[in-house]
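Worksheet: the structure to be examined is printed underneath.
The values are calculated or read from the model by the stated rules, or taken from the named source; none is laboratory data. As the structure is a computational prediction, the values presented were derived from the model and not from experiment. Cβ atoms come from the backbone with ideal geometry, glycine included; neighbour counts cover every protein chain shown. Accessible surface is based on the protein model in full, side chains and every heavy atom, while ligands, DNA and RNA are left aside. Shrake-Rupley method; radii C 1.70, N 1.55, O 1.52, S 1.80 Å.
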Amino acid sequence: MSLVLNAWYVGATAVEVVAIPLARTLLNIPVVFFRGDDGEPAALIDICPHRAVPLHMGSVVGDRLRCIYHGLEFDRKGVCRVNPHIADGRPDGLRVQTFPIVQRYGLIWIWLGDPDIADSAIIPDYPVFEAPERFTTGMGYTWVAADYRLMVDNLFDLSHAEYLHPGSVGVPGASKVSVTRVERTPDRVTIYYNIPDVPPPVVWHAAWTKSERIDQYSSMDWRGGGSCYLDLTVTAIGSPRSEGWSLPFAHLLTPETENSTHYFWLFARDFNLDDDALTHAIAEVGERAFNDEDRPVLEAAQRSMERSSAKLRNITVGDSASAAIRRRIDKQAFDTVETAKAVQ
Amino acid sequence: MSLVLNAWYVGATAVEVVAIPLARTLLNIPVVFFRGDDGEPAALIDICPHRAVPLHMGSVVGDRLRCIYHGLEFDRKGVCRVNPHIADGRPDGLRVQTFPIVQRYGLIWIWLGDPDIADSAIIPDYPVFEAPERFTTGMGYTWVAADYRLMVDNLFDLSHAEYLHPGSVGVPGASKVSVTRVERTPDRVTIYYNIPDVPPPVVWHAAWTKSERIDQYSSMDWRGGGSCYLDLTVTAIGSPRSEGWSLPFAHLLTPETENSTHYFWLFARDFNLDDDALTHAIAEVGERAFNDEDRPVLEAAQRSMERSSAKLRNITVGDSASAAIRRRIDKQAFDTVETAKAVQ
Amino acid sequence: MSLVLNAWYVGATAVEVVAIPLARTLLNIPVVFFRGDDGEPAALIDICPHRAVPLHMGSVVGDRLRCIYHGLEFDRKGVCRVNPHIADGRPDGLRVQTFPIVQRYGLIWIWLGDPDIADSAIIPDYPVFEAPERFTTGMGYTWVAADYRLMVDNLFDLSHAEYLHPGSVGVPGASKVSVTRVERTPDRVTIYYNIPDVPPPVVWHAAWTKSERIDQYSSMDWRGGGSCYLDLTVTAIGSPRSEGWSLPFAHLLTPETENSTHYFWLFARDFNLDDDALTHAIAEVGERAFNDEDRPVLEAAQRSMERSSAKLRNITVGDSASAAIRRRIDKQAFDTVETAKAVQ
């Protein structure tokens, strides 16, 4: 019981959603995204109600999606507007399910639960991704064969960096000197993880020239669904945080199934704004650290859990944060299970 | 509940059944076909009763099939005739299950249900495939990862051609002008689908030179099991049907499992009888239309239905025919389930 | 119900177990083997108790295995000796399950059941593999997609050699002239299979020059778990057995799952002791006979049994031996099922 339908998730990046339909499974639901000729995106269930053919195999005609098999056409509201197989060719009350979507931060956010309570105001507020004069941004995507809750564990337990990522973002000995604190509010769980007076991790070596040792401030913040936000600042040792460099990083997890995750990420920085090569380098280091170091561990843990009745044990401070999130997720998943049944 | 055991199905083409044993799963039953040195084909269950080794791994010795593992030999009736492991080497009451078979139209028809009611007289009568002086014939085979009932839907809903096959057999606008009628008798379901006064579909462009526009007559006929027969005639517009060209096409579906199908087809024509290149071209166009256009849609619909509780809705006239067939299949499958249990 | 936990199995060859951790699933249990810097091997469950990451992904540090994810270190007894995430870095009562192991005959034997009754004295006694002055030895390993009980059938039914292996170890007509006897004691089941006055099987052609015809003595002996031992001697026809050549062959089967088997083998010979090419040739012929002839048959029988309710029937004398073993295995598996539940 780990899938929370009544939450906003990232379903796609905005640039993926064009007039060629995009199929993606989200929380076990097959969804098709498309963008009509008026530029508006849409999300429908990816099953034609006639003969169960996936609608994404069809094509976009104006603002409608046409099924490849018999030419039925559905509009953005899911209403069948063209049915060549009835006498006058007009619709017949035939509909497909649609999902509320919102385009924000260059992403398509989707609500898969009860549409009556879909409130776009609760999409997490990440101003750094909408302030191009102060922040340069980038994004990426990958697919992971693991429960998204194992990824939440990974993101909130920042102490793993020193063991798993010593060659990029980890600081040897960090977990011995870090000052760590967990904060919970009804809507959020946040871990603060500050590391004073350390050499900069390898990832900063090329760009950072201000000092030989640094103070590193970081917090990871969960705001429901799979939205995790790392607020990371590095300063010359002892300098005020406002004089440091900021590199915020949103980790946006969307369960594909109980055992697999769509992983979208956004990052921003408030320094060297015009250095495109640096944007590329940050994306690449992050991707490499995840793909080569986190992914094998997370996918192997997933397989361990599937094949055995392995229980997780909480040891690190980060574990207490992710365990709190897991409890909330599981509680919400349970609360929405009736909705889930109705939707599927 | 979709597999009807008490029916004749095509198990193999006649040329496939030689002295090298052929293994094929039919209605979830592993079957081995072989042909003894007397030229007679046989069909046995493909499991040695000794140590469960598939008999198709063995070899044909005279009119018997010898198990590769310990040399037991079974004749066409399934009786063990040689057992080297008992004192005098004679049989010991050991038997394997056999299945009634009939070779007709260059195909091996098999009855997988109660052998006491296997009546070869009910194998569908397709005279065009046995009249070489009037009809030139061809055949083909493929395997499809879909429920054979989805293929019945496809075959009976001839209106899909215009959407899915506009570049080969479909006629744009055909479903608007077609004259369609469904006929049901206790043994058969037939749909008549006649299209008056249209340009010939692309597939006829090379061969047809009689007229710029045509009348197309077609009917698809189901006669139990998976036997569907398309009677297709094209005439110059307004000419009597007897002066047209006929291209009958038998679509013979044999469930491998609930979710996969052996698809055999026979075709014939009453024109250009000696044109071997034309025979080859017809086979190729049919195969390409199926493999490139029908197959992806049918296999995707199959996956949709497996992963969701998608219900089918009947919209076209063809749907009413295939729905009638589906009801009969499901009823017969239910009625024979006790037999099924006994056989397997 | 086929997996007997309370028995000794071969988990690995000794040379496989080094400072790079080795992961292997045994009786459905994920096990990690490693060898510390003191040369002692160890076997732990391959799941870190913290976040379920397989321990084999980590590294050996001294005599401990360190988890890759957060640096927890476990010693050979499974005790966590280093945990950087608690205040003073000392262990915290955290443990992982370990398994009794014994290194013997160049193999690592493992006990996966109740450790309190693990008695290394019941590891089968195979003196030929510890007498280098009299016997030259070799070993090998492969993985088989079949229930290990089908492999026991294969090993005890020596009559199959003439049908399945006529080009290597089989003697045509052997099952007609063989003198066969089965012996059962509480701990063992043995089949004696002696073939008098036959030409040597092909495998002996190159080495054997003593006589044109031979007497072949063989017995296959089961001693619990998956330990089968073939005592094979060939003599010039009519000569005393003590003057023949011996080629004992231990077949050591370790279930990976109910449907797959780790197959280790040891062989020895008391002739041409210094001929390394001969050792290599024996290994190769054995491997080829198994991989090309036994394996396809056993894996196909496994698939037959998985997909149908095929029952096995006992026909040969060997079958009566393997059936006796199967009854004992199934009985022991049933008796230890409570242990199994506790362990997993």
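In table form, for the structure just shown:
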{"read-out": "Of all residues in region C:182-201 being open to solvent by 30 Å² or more (accessible area, probe 1.4 Å) and either touching a residue at least 60 places away in the same chain (Cβ under 8 Å) or within 14 Å of chain B (Cβ to nearest Cβ) (or both), the one that is nearest to C:Val285 (Cα to Cα)", "value": "C:Val182"}
{"read-out": "Count of region B:74-87 residues which are of a type outside the set (Gly, Ala, Ser) and within 11 Å of chain C (Cβ to nearest Cβ)", "value": "5"}
{"read-out": "Residues of region B:283-302 satisfying the condition of being free of Cβ contacts under 8 Å to residues at least 40 places away in the same chain and more than 8 Å from chain A (Cβ to nearest Cβ)", "value": "B:Glu284, B:Asp292"}
{"read-out": "Residue in region A:115-137 that is assigned to a strand (DSSP E or B) and in contact with a Leu (Cβ under 6 Å, 6 or more places away or on another chain) present", "value": "yes"}
{"read-out": "Count - residues of region C:130-167 that are among the hydrophobic types (A, V, I, L, M, F, W, C) and surrounded by 21 or more Cβ atoms within 10 Å (Cβ to Cβ)", "value": "10"}
{"read-out": "First in region C:113-141 and under 29 Å from C:Ser242 (Cα atoms), second anywhere and in a loop (DSSP other than H, G, I, E, B) and not charged (D, E, K, R), Cβ under 7 Å, 6 or more apart", "value": "C:Tyr126/C:Tyr105; C:Val128/C:Phe135; C:Val128/C:Pro248; C:Phe129/C:Tyr105; C:Glu130/C:Tyr105; C:Thr136/C:Leu273; C:Met139/C:Gly106"}
{"read-out": "Residue under evaluation A:Leu3, criteria (1) under 18 Å from the mean Cα position of the chain (by Cα); (2) outside any loop (DSSP other than H, G, I, E, B), criterion not met", "value": "(2)"}
{"read-out": "Selection count, region A:245-282, where residues are out of contact with any strand residue (DSSP E or B) (no Cβ under 9 Å at 6 or more places or on another chain), in contact (Cβ under 8 Å) with a residue 40 or more places away in the chain and open to solvent by 50 Å² or more (accessible area, probe 1.4 Å)", "value": "2"}
{"read-out": "Answer residue from region A:310-320, given it is without any contact (Cβ under 8 Å) to a residue 60 or more places away in the chain and more than 7 Å from chain C (Cβ to nearest Cβ) and is nearest to the chain's Cα centre (by Cα) among those", "value": "A:Asn314"}
{"read-out": "Every pair of residues 6+ apart whose Cβ atoms lie under 7 Å, when the first sits in region C:50-67 and is farther than 22 Å from A:Ser309 by Cβ and more than 8 Å from chain A (Cβ to nearest Cβ) while the second is of a type in the set (Phe, Trp, Tyr) and surrounded by 18 or more Cβ atoms within 10 Å (Cβ to Cβ)", "value": "C:Val60/C:Phe34; C:Arg64/C:Phe74"}
{"read-out": "Residues (small (Gly, Ala, Ser) and in contact with a Lys or Arg (Cβ under 7 Å, 6 or more places away or on another chain)) located in region C:1-58", "value": "C:Ser2, C:Gly11, C:Ala12, C:Ala19, C:Gly36, C:Ala42, C:Gly58"}
{"read-out": "Selected residue (criterion: most open to solvent (accessible area, probe 1.4 Å)) from residues of region B:202-224 that are touching a residue at least 40 places away in the same chain (Cβ under 8 Å) and assigned to a loop (DSSP other than H, G, I, E, B)", "value": "B:Ala206"}
{"read-out": "Some residue of region B:106-118 being within 26 Å of C:Ala161 (Cα to Cα), under 23 Å from the mean Cα position of the chain (by Cα) and open to solvent by less than 60 Å² (accessible area, probe 1.4 Å)", "value": "no"}
{"read-out": "Residue in region C:41-62 that is of a type in the set (Asp, Glu) and either within 27 Å of A:Ala174 (Cα to Cα) or open to solvent by 30 Å² or more (accessible area, probe 1.4 Å) (or both) present", "value": "no"}
{"read-out": "Options A:Tyr217, A:Tyr163, A:Tyr193: the member that is of a type outside the set (Lys, Arg), within 21 Å of C:Ile68 (Cβ to Cβ) and in contact with a helix residue (DSSP H, G or I) (Cβ under 7 Å, 6 or more places away or on another chain)", "value": "A:Tyr193"}
{"read-out": "Selection count where residues are more than 8 Å from chain C (Cβ to nearest Cβ) and either of a type in the set (A, V, I, L, M, F, W, C) or free of Cβ contacts under 8 Å to residues at least 40 places away in the same chain (or both), scope region A:147-161", "value": "6"}
{"read-out": "Number of the condition not met by A:Gly71 [criteria: (1) within 18 Å of A:Ile20 (Cα to Cα); (2) within 11 Å of chain B (Cβ to nearest Cβ); (3) open to solvent by 30 Å² or more (accessible area, probe 1.4 Å)]", "value": "(3)"}
{"read-out": "Test: residue in region A:86-95 that is under 28 Å from A:Pro201 (Cβ atoms) and either modelled with pLDDT of 95 or more or open to solvent by 10 Å² or more (accessible area, probe 1.4 Å) (or both)", "value": "no"}
{"read-out": "Unique residue being among the aliphatic types (A, V, I, L, M) and under 30 Å from B:Tyr229 (Cα atoms) when the list is B:Leu65, B:Leu44, B:Leu55", "value": "B:Leu44"}
